[in-house]
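Structure first, then comments.
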There are 2 protein chains.
Amino acid sequence: MPGPPRITLDDVARRAGVSTATASRALGDHPHVAAATRARVREAAEELDYVASPEATRLAGGPTGRVAVLVPHPSRWFFGELLEGLEAALRAADLDLVLFRVGGPEERAAFFARLPARRKVDAVVVLAFAVDEIEHARLASLGVDVVAAGGRVASYPSVGVDDHVAGRQAMDHLIHLGHRRIGMIAVEDVGRLAPDPDGRTSAWRAALDDAGIPPDDDLVVTVPWGGEGGADGMARLLGLRSPPTAVFAHDDETALGAIRTLRRAGLRVPEDLSVIGVDDHPLAALTDLTTVAQPVRAQGRRAGELVVAGLRGELADGVPPAELLPTRLVLRGTTSPPGAPR
Amino acid sequence: MPGPPRITLDDVARRAGVSTATASRALGDHPHVAAATRARVREAAEELDYVASPEATRLAGGPTGRVAVLVPHPSRWFFGELLEGLEAALRAADLDLVLFRVGGPEERAAFFARLPARRKVDAVVVLAFAVDEIEHARLASLGVDVVAAGGRVASYPSVGVDDHVAGRQAMDHLIHLGHRRIGMIAVEDVGRLAPDPDGRTSAWRAALDDAGIPPDDDLVVTVPWGGEGGADGMARLLGLRSPPTAVFAHDDETALGAIRTLRRAGLRVPEDLSVIGVDDHPLAALTDLTTVAQPVRAQGRRAGELVVAGLRGELADGVPPAELLPTRLVLRGTTSPPGAPR
């Protein structure tokens, strides 16, 4: 005969108005939970006659002082900058950063398959890649907070930039210069979510619409992330019957690849064709690349601060914060009005 | 009245012909120690009537499954590549990579000052920075193996490239092209040891000597690491009464900075001045930079394998291995004979 429905930690959390992870920590005597939060959760547990399951007790065990950081490509500048910022924020709170590379599809599958059996961590940070439903469930099973840096991931609290705004800054600059035939080199990066791939491409379309320029879909090419992809994308745009006079590349490394193709084709930048990227990669300054700068290290640092706030029970429950840091146009030498005199 | 000198773990290790760390693990029932090694160490301990000190017992505690990796600059390509390789090797052995940034002098001092109080790890990997005597002693106090990647550090087992050979590959190429007045942009990176800063500069001198060209010390400028440094260094070389016809830059990022200065000065590369770097950074291919390629990710991977071998007690004791991976000249478009016709 089934008894009454078992009271779960979720019920306690809901009654106390906190997340399940916070409730777990509060009942587990985790030192970083605010006293008021702890009291509220205990009260809710008593009111509900909650008895912790063995699993919940395990999850609620003492803090490990470790935060797992999932990184698709540690050697790329963008992820390295996120890591630097994150490490600084976690270290300031005396937390260790445990690095996990989750690169290709197979690596990811293997990583997430054994995730629940992994050594414990106090929180997880996902660096700018899309998490599917199965992965989301795996992360949830850890019973700890998950925070995203470098873009929005699932419904986790996140720190990123507004890719649509960044794209508009790039596109509006080209349009203001007088360009009407503007190409877009979009990137497809397996498993990479952020910077939001749609945000920048939607900005291309919206900017043209606002300027009364009919968007020509032939002018949008999608390539694998990176310099080689950018070089290929530019070659495809040059092969059009009517090539663009300016190109908005998804990021600086893609833009630098596009410029290599232009140089090999004997075309001058910006006299024959303007190019703009996004990031303000250190090599953008060196190569005089016009770009839209985003503060990457700051995104990592701020995400680390969210982790620390979460562990202290100081994150507001309910709608998770999606913080957006500002981007800005950086004018350099790869953009000019179209048909500038030779 | 003092008793007889206390037998220490060092004595046991010496008698067993293993390192102190291995002896510690063998007595601590660490699962990754070869049975023969364990037997040898126990025998030595019994013969010497060794009684473990409380500290040694603590150090010899069970494995944590964690390896600390000390990284000066995670966002730089070189260190990111080392991390990628290292993570792959450690993960294959089910070891977690705990990342510690040890950047500027103050950060380093703070990090090493509290090192002994840190959470335990099974081993430490030092990524390409010089360790001073105090830091060396701190690391030794952890009682675990230390391995270096990206260059030789202290007397730790290490994986790197031969910087003198890499420098000779670059210099001999320029000399074969007919250059006689060759500049060198060396870098000074606080706390960064490897790639061995002296190895490349000594190659500059040795290559000139071997070619019967008197080295002119005015042609060697030393700048902070990075593109801006390279740009400054090139400007200094252009300010000489008799500027060089070719420049060997310490690394690709420095070389790209040098090329920016040349472009701004209205000089053509390679027609007016040849430039070569070291690394084969992904942007070297994109910018058509001639360089000497080094396998960075492989250095990280191999260092991870040394860590695993050490934990299994499979590292030969005595002289620590200093493995050198091969470098190779990659010919691209920034070098040509001097005075090539315009």
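Here is a list: B:141, B:158. Which entry is out of contact with any strand residue (DSSP E or B) (no Cβ under 7 Å at 6 or more places or on another chain), more than 13 Å from chain A (Cβ to nearest Cβ) and either touching a residue at least 24 places away in the same chain (Cβ under 8 Å) or among the hydroxyl-bearing types (Ser, Thr, Tyr) (or both)? First the steps, then the outcome.
Details: B:158 fails: out of contact with any strand residue (DSSP E or B) (no Cβ under 7 Å at 6 or more places or on another chain).
Exactly one residue qualifies, and that residue is B:141.
State whether the residues of the range B:243-253 include one that is under 30 Å from residue B:34 (Cβ atoms) and within 14 Å of another protein chain (Cβ to nearest Cβ). Don't jump to the end; show me each part of the working.
In the first step, residues of the range B:243-253 are kept if they are under 30 Å from residue B:34 (Cβ atoms); the result is none.
Checked against the condition, which is being under 30 Å from residue B:34 (Cβ atoms) and within 14 Å of another protein chain (Cβ to nearest Cβ), the range B:243-253 yields no hits at all.
Counting just the residues of the range B:259-280 that are in contact with a Leu (Cβ under 8 Å, 6 or more places away or on another chain) and within 11 Å of chain A (Cβ to nearest Cβ), which one comes out farthest from residue A:101 (Cα to Cα)?
By that ranking, first place goes to B:261.
Looking only at the range A:77-117, count how many residues are at the interface with chain B (Cβ under 8 Å from one of its Cβ atoms) and out of contact with any His (no Cβ under 6 Å at 6 or more places or on another chain). Even if it seems obvious, please write down each step before you answer.
To start, the set of residues in the range A:77-117 that are at the interface with chain B (Cβ under 8 Å from one of its Cβ atoms) comprises A:77, A:79-81, A:83-84, A:87-88, A:91, A:96-101.
Those still in the list that are out of contact with any His (no Cβ under 6 Å at 6 or more places or on another chain) too: A:80-81, A:83-84, A:87-88, A:91, A:96-101.
The number of residues fulfilling the criteria is 13.
So if I check each of A:175, A:134, which one is farther than 21 Å from residue A:300 by Cα, aliphatic (A, V, I, L, M) and modelled with pLDDT of 95 or more? Step through it out loud before you land on a result.
Details: A:134 fails: modelled with pLDDT of 95 or more.
A:175 is the lone residue from the list that is farther than 21 Å from residue A:300 by Cα, aliphatic (A, V, I, L, M) and modelled with pLDDT of 95 or more.
Touching a Phe, Trp or Tyr at 6+ places or on another chain (Cβ under 6 Å) and closer than 30 Å to residue B:330 by Cα: does that describe residue B:187? Show your work before the answer.
Working: touching a Phe, Trp or Tyr at 6+ places or on another chain (Cβ under 6 Å): yes; closer than 30 Å to residue B:330 by Cα: yes.
The answer is yes for residue B:187.
Search the range A:1-40 for residues being modelled with pLDDT of 80 or more and aliphatic (A, V, I, L, M), and hand back the single one that is nearest to residue A:123 (Cα to Cα).
A:18
What residue, of A:251, A:288, is in contact with a Ser or Thr (Cβ under 8 Å, 6 or more places away or on another chain) and of a type in the set (Asp, Glu)? Talk me through it step by step, then tell me what you get.
Working: A:251 fails: in contact with a Ser or Thr (Cβ under 8 Å, 6 or more places away or on another chain).
The match here is A:288.
Can you go through A:232, A:196 and tell me which one is of a type in the set (Asp, Glu) and at pLDDT 95 or above? Break it down into steps so the answer makes sense when it comes.
Numbers: A:196 fails: at pLDDT 95 or above.
After applying the criteria, what remains is A:232.
Can you run down the residue pairs with Cβ atoms below 7 Å, 6 or more apart or on separate chains, where the first is in the range B:201-219 and surrounded by 20 or more Cβ atoms within 10 Å (Cβ to Cβ) and the partner is of a type in the set (Asp, Glu) and in a helix (DSSP H, G or I)?
B:207/B:172
Looking at the range A:239-269, which of its residues are closer than 19 Å to residue B:287 by Cβ and surrounded by fewer than 24 Cβ atoms within 10 Å (Cβ to Cβ)?
A:260, A:261, A:262, A:263, A:264, A:265, A:266, A:267, A:268, A:269
The values are calculated or read from the model by the stated rules, or taken from the named source; none is laboratory data. Only a predicted model underlies this, so the values are computations on that prediction, with no experimental measurement involved. Note: ideal-geometry Cβ built from the backbone for every residue, glycine included; neighbour counts use all protein chains shown.
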